[in-house]
Structures are given as C-alpha cells and as structure tokens.
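This report concerns only the one structure given below.
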C-alpha cells in the first residue's frame, strides 16, 4: 500500500501506541476517517502539551481526514485523574464554558473548521442531562472494577486517594466515544499516551453496546531527553495565549532547549520536512544553535503568526548584538514601593524571572547572574535607584536570558 498519514506520523515519532497497527494504517489509506481528540477546559488557554495534539490533527486533516475537537464541558465538571497525583480544582459551569470558547479560537490557528472540514463539539450536550440510574445500568454494567483498578491512571492514585467522582471519568470518556461513533461515524480516538486506559475503555464500550469496531492511537508526550514534561517555565506552563506568554518569551523557550532535544522537537511540533531534519541530525556543537533558531521560529510562527515570529527573532538577535538591550525585549515595570528594602533576588522572584530565592542563590554561586554587565556576587545585594539606568536595569540570567526592569 502506498504511503499515507500513518507513515508520516510514525516517521516523525508521533505515535506511541495503537490498538490495531495494520488495520489503522489500512483504514487511513483507503477512506476519509472521522477521528476525535478531547480537550478538557481546565484553563482559559491551551498549552504546548495540547499543541502537539493540534499538530497531529493538522497532519490528519491535510491528509483528507476529518477532526472532531471535543471540548469537555461535561468531563471538565469531574476532572481527569490521568497523570495527576492530586484531585483537580472543581470549576463552575460559567468558567468551563468560557474556557471552551477560548479553546475554539486557538484550535482555529491550525485546524480548518470551515465547510464541515472539522467540527467542534461539547460533551456537555450529552453528559449533563444523563439520568444516573439509567447510565449505571446502560454503561456501568459494561465495566469491570477489577480491570479499571489495573489501569495506570488509577494505580498511581490509589496510594494518595482517588475520589469516586474521578473514578467515573473513564466511563464518561468511553461514553463520549460511543456518542461520537453514533452521531458522526467517528472511528478513531487519539490522545496523549496517558490516555491509553481511557481509550481502551471506549473501544470496549463500542464493541459491547453496538458491536462496532473502532480504533485508538496515542501520541508521544512532549518530554525532554531526561523524560521530564516540556513546557514548564519559571512562570508556569508554556501557554499559547500571547497574554499569558508573550511571543518573545515563547520564542526564547525554544531557542534555549537542550541540544539533545532540538531534533526531536523539530520532528514532533513543526512541519519542517524530514529530509531537512535528517541533515540537521548530523550537526553538532555550535551548529545546533541554528537548528534551535529554526525550531523557535517555526513553532512561534505556527502559534503566533509570521509577523510575531519575525519580531521575536529580530528582538532576540538585537539583544545579543547590543549587549542585552532591545526595544522589544521582555520588560517588567516596578514602582519605588516594589523595590524598597528589596534584595535583587526578592525582585527577580517578584517579576517571576526566577521561581525561588533558592534558585537565585544557586545562580549567584555559579556566576550566572549579571546586572548591568556586572556579575552579582552577593545574593543579599540591595536594589538601589542607581541600578536603573536610562534604558532600565538589564538583568542577564545564565547565558541566554535577558530581561529589562524599568520604573513606573
């Protein structure tokens, strides 16, 4: 069979597990498949972990398949225990609806929702009006508690405590797949690798209720070579919303990835052709900086548009060539009250340039903190007026992070 989107996803390392390798490949090669990915509205912006899922949707849509973006207005009322060590915060219906609207806008950056090429549905439409007794008889009877407790998402939580509320989540997500299969002829569920148990539940429910064969596929999670989840910064998650994470900061995150991670990121979250990436795999040392710049530009362009990507790239170049100063560089404003009797580390924690004073002390010990081109040697150095020059106070953290602090 000729090459299809399954081979593209495989070659780029995007596929982690499938329920039926050969059957899925054959299905994607011979017909236009409706598939779905779920997004629970736990915040008012998607983050870079979701972005990888959007990339997969785009690959699939470009190959002629139809995405369903399922927003979890119903499941969001419960919260997914997968990959969690604690219970999620309960949210109001209004918050969930607002977050769903924000997702719709962001998904539209990559996915074409015109003329039914993709659809967005909300599982609140069928979950919120369920009759509990009927649901238990209809769906609950298809699930074995013994089997559920073996699922990875529950196993890790049993030691700390798993609420009965969250225990229902697998049934809800499985029911979503059943409803989408019935309403839209959806044959394939995709999700991060932490969704494997939930996806298997949906397959089993479709088989038992409708004697229907559906399929599941999970993607690689976006992690560093050490296995840590990518997208965490001193300020929290790497959000796609420019109000939560400025395009310059977003660009800087990718320019600063580890050498061992840049090639993998190019494969997973850009559309740079594999022939080019294979050439970059031969690069070493300083050459890899060019690959990082390419990664940063491509990802920023996809999320924030070409104009913002060019501005972020030019600002980054200007900062390095002008000794750390540029009109577009990240800037924080502080008042006289903010800096009164404050040490430099107090100030940097306040503007979230460092996560903690402990981290700041380590930076100072490693000669990694500079203010106005002068190395900081005393972590208790006080912030004084004379540090604010005409263009502000320029702080350099490590080799690559520059930040300007100006007075209001």
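The values are calculated or read from the model by the stated rules, or taken from the named source; none is laboratory data. Computed from a predicted structure; not experimentally measured. Cβ atoms come from the backbone with ideal geometry, glycine included; neighbour counts cover every protein chain shown.
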Select from segment 275-300 the residues that are more than 13 Å from residue 251 (Cβ to Cβ) and in a helix (DSSP H, G or I) and list them in ascending order.
275, 276, 277, 278, 279, 280, 287, 288, 289, 290, 291
Could you check, for segment 255-267, whether at least one of its residues is surrounded by 17 or more Cβ atoms within 10 Å (Cβ to Cβ), more than 24 Å from residue 91 (Cα to Cα) and over 20 Å from the mean Cα position of the chain (by Cα)?
no
Only one of these conditions is not met by residue 252: (1) crowded, with 22+ Cβ neighbours inside 10 Å; (2) touching a residue at least 60 places away in the same chain (Cβ under 8 Å); (3) assigned to a loop (DSSP other than H, G, I, E, B); (4) under 20 Å from the mean Cα position of the chain (by Cα). Which number is it?
(3)
Of the residues that make up segment 81-96, is at least one surrounded by 15 or more Cβ atoms within 10 Å (Cβ to Cβ), modelled with pLDDT of 75 or more and closer than 24 Å to residue 190 by Cα?
yes
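This table checks each residue for (1) surrounded by 20 or more Cβ atoms within 10 Å (Cβ to Cβ); (2) farther than 18 Å from residue 54 by Cβ.
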residue: 215; (1), (2): yes, yes
residue: 227; (1), (2): no, yes
residue: 230; (1), (2): yes, no
residue: 241; (1), (2): no, no
Say whether the condition of being surrounded by 21 or more Cβ atoms within 10 Å (Cβ to Cβ) and modelled with pLDDT of 90 or more is met by at least one residue in segment 123-140.
yes
Residue identified as at pLDDT below 95 and within 19 Å of residue 24 (Cα to Cα) among 205, 188:
205
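Tell me yes or no: at least one residue of segment 342-353 is surrounded by fewer than 16 Cβ atoms within 10 Å (Cβ to Cβ) and within 35 Å of the chain's Cα centre (by Cα). Before you say what the answer is, go through the steps one by one.
Filtering segment 342-353 down to residues surrounded by fewer than 16 Cβ atoms within 10 Å (Cβ to Cβ) leaves 350, 352.
Imposing the further condition that a residue be within 35 Å of the chain's Cα centre (by Cα) reduces the set to 350, 352.
Yes: one or more hits.
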Hits in segment 162-177 - residues which are modelled with pLDDT of 95 or more and surrounded by fewer than 24 Cβ atoms within 10 Å (Cβ to Cβ):
none
For residue 272, only one of the following conditions fails: (1) in a loop (DSSP other than H, G, I, E, B); (2) under 13 Å from the mean Cα position of the chain (by Cα); (3) under 15 Å from residue 8 (Cα atoms). What is its number?
(2)
